[in-house]
1. Taking K55 as the anchor, which lysines have their alpha carbon closer than 19 Å to its alpha carbon, excluding any fewer than eight residues away along the same chain?
2. If you roll a 1.4 Å probe over the chain with all protein chains in place, what percent of the accessible area is carbon or sulfur?
3. Quick one: net charge of E54's neighbours, Cβ under 9 Å, K/R +1, D/E -1?
4. Might you tell me the accessible area per residue for the chain, computed with a 1.4 Å probe and given in Å²?
5. What is the extension gain from K55 to K79, computed as 0.36 nm multiplied by their sequence separation minus the C-alpha to C-alpha distance, in nm to one decimal?
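The values are calculated or read from the model by the stated rules, or taken from the named source; none is laboratory data. Because the structure is a prediction, the values reported are computed rather than measured. Cβ placement follows ideal geometry from the backbone for every residue including glycine, while neighbour counts extend to all protein chains displayed. These area figures cover heavy atoms from the full protein model, side chains too; ligands, DNA and RNA do not enter into them. Shrake-Rupley method; radii C 1.70, N 1.55, O 1.52, S 1.80 Å.
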Amino acid sequence: MVKTNAMRILEQAGIPYRAQEYEFDEDHLGGDHVVAQLGLDPDTCFKTLVARGEKKGIMVFCIPVNEELDLKKAAAAAKDKKIEMVHVKELLGLTGYIRGGCSPVGMKKKYPTYFEETALLFDEIYLSGGARGVQIIVNPEQLIEYLGAAACEIVK
C-alpha cells in the first residue's frame, strides 16, 4: 500500500489509523463509489470540500458522502457572511490534493476546518487518505482535536 503524506502526518502526531485501498474509477468520483466498493455505511464515510468565505478566505468542510453542504449553515459555523465552493481547478494549488483524493490532513496550509457533527456519533470514520483509491479510518474525536477543527451542523 502506498503511504501518503496524510498517513505520515497522523503517524508523527501519534494518531492511530488504518488504511484501506479501493479501486479508483475516474468516471465515478463521488463518495457513493467508495461506499459501494468498501461496503460502508455512508454516514461514516466523509468527503472533504473546500470553500472560500467572503471574509475568512479558504476553509475546509468534511461531511458524509451522501449529504450536501448547506452553504448558509457553513457560513454561520465559520462566522462568515457568505461562502462558495472553490473551483476544482484551484484545488491542487490551494491544498496540494486533487479531486477524489483531498484529505483534511496534510494540506499545503492549515485552513479552518469544520466537520459535520454527526462524525462524533461514530468510533471511526472513513475519509480520503490523500490519494485517489485510499481511505483512512480514524477516530473522529482524535482527528478533530488534532486538526483544531470544529464539529457543527453544516449539512442540508
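1. The qualifying lysines are K72, K73, K79, K81, K82, K109, K110.
2. The C+S portion of the solvent-accessible surface of the chain is 48 percent.
3. Counting the neighbours of E54, the net charge comes to +3.
4. For the chain, the solvent-accessible area averages 52 Å² per residue.
5. 7.7 nm
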